[in-house]
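The block underneath contains the structure these notes are about, expressed in structure tokens.
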Amino acid sequence: MSEHITASVADGVGHVTLNRPQALNALSYDMILALAEVFEAWRNDSEVAVVVLDGAGDRGFCAGGDIRELHGFVTSGRIIEAQTFFRAEYRLNAAIARYPKPVVAIMDGITMGGGVGLAGHASVRVVTERSRVAMPETRIGFTPDVGGTWLLAKAPGELGVHLALNSRTMDAADAIHAGFADALVPSESLPHLLQALAERADPGSPAEIVMLFDETPGPSALAASRDWVDACYSAPTVAEILDRLRAFAASPVDGSATADAAASARTNAAAAADELETLSPTALAVTLDAVRRARGLPRLEDALEQEFRLVSWFLQQPDLHEGIRAQVIDKDRTPAWRPATAEELPDDLFSRALAEPVGDGIFD
């Protein structure tokens with residue numbers, strides 16, 4: 001058992017906690033193995049009727065995979081070790097999604113990347129007023145994984161593409177609207193929720209118990225963005241998405257009662273375009289195709305297999321190294337992407353990445 005995982009069973013509840021608060025509960029390989037061991041041990045344990053998954057501290061459930069550990073793998077050429085990490089992580093994501101007992105995941109605070117892979121596939125997904133949920137991979141020259149493309153592909157309209165390309169952070173209302181969460185429970189009510197799950201008085205199912213503490217979230221800014229996001233992000237390429245964002249941002253606003261909202265939408269579209277122009281062209285192009293292709297995949301496992309091939313390819317690309325350096329290691333926030341523009345990318349980039357030989361798959 002990893003020192004950064006705690007697990008206990010009481011009153012029929014298996015409670016597993018990511019216990020690395022000083023690193024926002026970022027997932028190391030040891031933590032992934034420990035979580036897999038816990039879930040496997042409880043699978044047929046008659047003492048466990050429901051599993052609760054949460055994170056220690058009040059800043060976040062899980063900030064994602066341990067980027068420094070990943071940086072060590074890729075900079076030293078230990079690609080096989082990195083693939084071993086991702087295989088174990090993706091198998092855990094699938095195991096949670098298919099778990100025979102209810103899994104209640106509590107995404108209190110920051111929940112990003114690998115944290116979404118754990119909580120986003122649970123049977124009951126709880127957010128709080130402190131939740132900040134994102135798939136931020138394009139910021140480091142990478143692509144959404146851990147089944148993230150599966151969730152993004154199912155978001156309404158083109159919101160998933162927008163979330164993926166711009167690494168947009170969602171609050172509780174956004175996460176529920178986009179299909180990343182099921183219920184909003186105030187953080188102050190979480191101890192009472194845990195107590196109710198242990199008591200399991202009627203109504204008895206975990207989903208019904210969570211709904212006893214559920215509150216209606218405020219308006220979703222993401223939902224309010226739907227019109228311009230759908231119009232712009234439905235373009236076939238990243239370059240054309242940028243063109244549409246720029247054209248929309250520059251379009252006139254009439255003097256109607258909704259003029260303020262229209263002006264705000266144009267400001268947001270301009271900001272989205274500005275942001276895309278700072279990100280890795282390689283990561284954006286592959287991510288766009290990955291999310292769109294995931295829409296046609298029949299199972300989460302198929303999306304994970306696709307992600308594994310893409311991730312294996314990215315491990316050997318300069319932009320992942322450079323993105324981690326700029327955002328995490330040196331923190332100068334000035335990555336030098338190669339290539340620097342979308343025009344320099346080959347038309348068959350996605351098919352090349354998807355054809356990456358990976359040896360054994362995840363579920364072989």
If THR278 satisfies every condition in (1) among the hydroxyl-bearing types (Ser, Thr, Tyr); (2) farther than 28 Å from GLU129 by Cα; (3) open to solvent by less than 80 Å² (accessible area, probe 1.4 Å) but one, which is the exception?
(3)
I'm trying to understand the selection: among the residues of segment 224-255, which are open to solvent by less than 50 Å² (accessible area, probe 1.4 Å), of a type in the set (Ser, Thr, Tyr) and either assigned to a loop (DSSP other than H, G, I, E, B) or on the phi > 0 side of the Ramachandran plot (or both)?
SER225, SER251
So, of the residues in segment 208-223 that are assigned to a helix (DSSP H, G or I) and more than 21 Å from SER8 (Cα to Cα), which turns out to be least open to solvent (accessible area, probe 1.4 Å)?
LEU222
Any hit, segment 28-41, residues being more than 30 Å from GLU199 (Cα to Cα) and part of a strand (DSSP E or B)
no
Which residue, of LEU118, LEU92, LEU151, is within 20 Å of LEU27 (Cβ to Cβ), touching a residue at least 24 places away in the same chain (Cβ under 8 Å), open to solvent by 10 Å² or more (accessible area, probe 1.4 Å) and among the hydrophobic types (A, V, I, L, M, F, W, C)?
LEU151
Condition met for SER187 (over 27 Å from ARG43 (Cβ atoms) and open to solvent by less than 10 Å² (accessible area, probe 1.4 Å)):
no
Scanning segment 305-359 for residues that are over 21 Å from ASP145 (Cα atoms), outside any helix (DSSP H, G or I) and open to solvent by 40 Å² or more (accessible area, probe 1.4 Å) gives ASP330, LYS331, ASP332, ARG333, THR334, ALA336, ARG338, ALA340, THR341, PRO346, ASP347
Exactly one condition in (1) in a helix (DSSP H, G or I); (2) closer than 30 Å to TYR99 by Cα; (3) in contact (Cβ under 8 Å) with a residue 60 or more places away in the chain is not met by ILE362; state its number.
(1)
Segment 57-71 residues that are surrounded by 24 or more Cβ atoms within 10 Å (Cβ to Cβ), paired with ones that are assigned to a strand (DSSP E or B) and acidic (Asp, Glu) (beta carbon under 9 Å, 6 or more apart)
PHE61/ASP54
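The values are calculated or read from the model by the stated rules, or taken from the named source; none is laboratory data. None of the values given here were measured: they were computed from a predicted structure. Every residue, glycine as well, gets a Cβ built from its backbone with ideal geometry; the counts of neighbours run over all protein chains shown. When the accessible area is computed, the model is the full protein with side chains, heavy atoms only, and any ligands, DNA or RNA have been set aside. Shrake-Rupley method; radii C 1.70, N 1.55, O 1.52, S 1.80 Å.
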